[in-house]
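What follows is a short report on a single structure.
None of the figures in this text is laboratory data; all of them are computed from the coordinates on show. Bear in mind the structure is a predicted one, so any value in this text is a computation, not a measurement. Here the Cβ positions follow ideal geometry from the backbone for every residue, glycine too, while neighbour counts run over all protein chains shown.
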Amino acid sequence: MARIGWPNEVRRGLGWLSSRRSLLQVIRATREVLPGDPSFGDPMSTTGSEPARVLARRAWSAGDGRWGAISELGLAVLQVADWVGGDLRPGGDRDSAMAILFTDLVGFSSWALQVGDGDSLEALRQIDAAVTAIVIEHEGEVVKRLGDGAMAVFADAGSALVAAEACIEEVPAARCDGYEPRIRAGLHYGAPQPIGIDYLGVDVNIAARLCEAAQPDEVLISGAVRSHLHRRKELSRPPRRELDGVPKGLEIYSVGGTR
C-alpha cells in the first residue's frame, strides 16, 4: 500500500505560506490593532510563568527571533491570550494611568557587607513581607523587587501615598541584628508602559529618581500625584533638587523627612 503523502504536502504548504512576505506584513499590521502588546514575543515581553508567555519564549528561542507568517499568526493568538490573562492578574487594566511607587532601604547595603548574606537575606525576607502586606492592604501590586527596594503600582494616588507612609512607619519594627530599617520612597502618577510582567518608560523613571533623591523617612511625590490627592496640607516643597532623567521643571513635594 502506498504511503499517504499529505503530511509532507501540508508541511510544504505551511512553509510556502510562512515565507509569504505580503502575508507576514498583513498579520503584523493586524497585530497592531489587536488587544495586547503588538510586540509580544520578545524576551522582555514574555517574562513570567503564564502559559502564553512560556510558549512565546520557546518559539522565540526556536526561531532565533526570526518570524515567518505562521509564527507571527501564532504570536497574534498568544498576544490576545496574554491580554485576556492580564485582566485576571493583580493590577487589572495595565493600560490605564496609575500611581507608581518605589521604596528603598536606607543604609542596607553597608550593613549587609558587615553581617553577610545569611542575616541580610533573612532581613530582606522580613522587610519585603511587611512592605508587600502594606501594598496589598492598600489595593496595590508589587511589580518587582529591586535588591533592597521594591516597585509597586496602584490605581489610586491617595492609596499609594498612604501605603508609602505606612511602610515608613511600620517597617522599622522589622529590626534585625542591629539594623533598623528605614524607608525612603518616590511616588509619581502617569501611564507606564506594560511589557511582560513589568512596567517601563519615562513615568517609571520619574518615580525611581524621586525615590533616589528622597531622605530617610521621606516620600517625594510629583506634581502629578499632588493633583490627584484630596489631602494637600501636609505637603511641603523641599529645597530644589536637580534630578537626572526627569522633565525639567518637574514639581516635587515632600511628605515626612528624617526623624
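Among DSSP beta bridges whose residues both lie in segment 150-259, state the antiparallel percentage, nearest 5.
In segment 150-259, DSSP labels about 75 percent of beta bridges as antiparallel.
Using the basic label-point model (7 angstrom from Cα toward the beta carbon), what is the residue 240 to residue 177 distance in nanometres?
Calculated label separation equals 4.5 nm.
If you count, for each residue, the other Cβ atoms within 10 Å and average over each peptide, how do 212-225, 165-178 line up from highest to lowest?
My ranking of the peptides, most packed first, is 212-225, 165-178.
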